[in-house]
1. Can you give me the three principal axis dimensions of segment 139-287 from its C-alpha atoms, in Å, biggest first?
2. In whole Å, how far is the Cα centre of segment 301-372 from that of segment 38-67?
3. Calculate how many DSSP beta bridges within the chain are antiparallel, expressed in % of all such bridges and rounded to the nearest 5.
4. Of Ile130, Val238, Ala342, whose Cα points farthest to the positive end of the dipole of the chain (charges on the beta-carbon: +1 Lys, Arg; -1 Asp, Glu; origin at the Cα centre)?
5. If you fit an axis through the alpha-carbon atoms of helix 163-172 and take the longest principal axis of the Cα set of the chain, what angle between them do you get, 0 to 90°, nearest 10?
6. Pull out the extension gain between Thr83 and Lys359, defined as 0.36 nm times the separation in residues minus the alpha carbon to alpha carbon distance; nm, one decimal.
7. Take the solvent-accessible surface of the protein heavy atoms, probe 1.4 Å, and return the percent of it on segment 139-287 that carbon and sulfur atoms account for.
8. How would Trp427, Trp101 line up by accessible area, probe 1.4 Å, largest first?
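The values are calculated or read from the model by the stated rules, or taken from the named source; none is laboratory data. Keep in mind that this is a model prediction, so the values were computed, not measured. FYI the Cβ positions are ideal-geometry reconstructions off the backbone, even for glycines, and counts take in every protein chain you see. The accessibility values were calculated without ligands, DNA or RNA, using every heavy atom of the protein model including side chains. Shrake-Rupley method; radii C 1.70, N 1.55, O 1.52, S 1.80 Å.
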Amino acid sequence: MAALHRLKQCPSMGIAVSRLHTSSRASAKLHYKMLVLGGGSGGIAMSARMKRMMGAENVAVVEPNEMHYYQPIWTLVGAGAKTVASSGRPTASVMPSGVKWVKAKVQEINPDTNTVCTDDGTEISYEYLIVALGLQLHFEKIKGLPEGFEHPKIGSNYSVETVGKTWKALQDFKEGNAVFSFPNTPVKCAGAPQKIMYLSDAYFRKTGKRSKANIIYNTSLPVLFGIKKYADSLWDIVKRRNLQINLRQNLIEVRADKQEAVFENLDKPGETTVFEYEMLHVTPPMGPSSVIKGGPLADEAGWLDVSKENLQHKRYPNVFGIGDCTNLPTAKTGAAVAAQSAVLHRTIRKVLKNEKPDKTVGGTYDGYTSCPLVTSYNTVILAEFDYNGQPLETFPINQAKERRIMYHMKADVMPHLYWHGLLRGLWGGPGPYRKMMHLGMK
């Protein structure tokens, strides 16, 4: 029956396998020593590392999109400080040379038979699998979206289609409420929903509109930010700039034609508040990849079930995960992917030698993640922390303080590190540099 099911899922069809500017027809059955699912930051970084480890001809990446985006910069795009064009490059240009690009969408993963089915019916078998499928945005879980984006005054920095609308809404603002939301789900880059609030405040001040703006941040969380050291600094900024923060408020409906946003009080089920807005920034609910959710690789919540120490799957030892699709109990950020890529590299190298992956402190993933909290057009609080929510700072200074140099890092240094370091498998996070900066103390 299982074989019959796979035949239904993977009918005999060809698939276009594209590398840079060439394409060729391949047979319906493909096999690779290392198959990488997803061509985002984690997938491209690991395919570059695997190419060096086992040879390009043994590695393939399944990714349907023609464009690859550096999403962290969308915070600045939404505030007019960067362009959308600067955030994207053709996928072909970031795919490691010689690695096979299977230009298709993953439809089903069958870890018991070491096979993957794509949406065009191709079956691909593998010896080892890296799952880097990211997470899914669910604008549709908010009543009135995504169709509400057809109206002006509403945007979201979380998609390439809507980030430009944020900047347009910001420019067109005259007077009234500027409302910013944070959903009642896990999210990627949990600082981004409030970064655009601080940037909007700075923009209104710069353009002489601040006195006419009532800035409101409605978050489903019981705190402003999850790490107290940085939250304390953010609360100081909030009070100094007269920003209104409402905790435990979840956006459930947008009435774009009336410019109204409806929020529910999570502490009092059934109680709702309607906010009129002149500008609305929506952070959508998010969830696990539909390919993983409900399948044999998922945990109960639908996320890829991997070891928090070495990123190996808990039940299938030849399967590994990285990034937003996993159930790693840390913030989902690009910085986390960088640190994870170095750990996963070591894990796979050991597995290939028939050795047990590290589970001891020092060789394992400590949950490192980072959130450059943009607080204006020239200042950033660089939050860095671990699984335990303890600060894990790279520089021997107080990073909870707003600094111009950190804005330069966010706007200029980090994109360069991304395109030329992480995606080439050469940047595994600041861990080694942290030790040098702190004279080996951290």
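1. Extents along the principal axes: 38, 37, 29 Å.
2. The distance from the Cα centre of segment 301-372 to that of segment 38-67 comes to 17 Å.
3. 55 percent
4. Ala342
5. Taking the Cα atoms of the chain, the angle to 163-172 is about 10 degrees.
6. Working: separation 276, 0.36 × 276 = 99.36 nm, distance 4.26 nm.
Taking Thr83 through Lys359 to full extension adds about 95.1 nm, to one decimal.
7. Values: 3040 of 6270 Å².
That share works out to 48 percent.
8. Ranked list, largest accessible area first: Trp427, Trp101.
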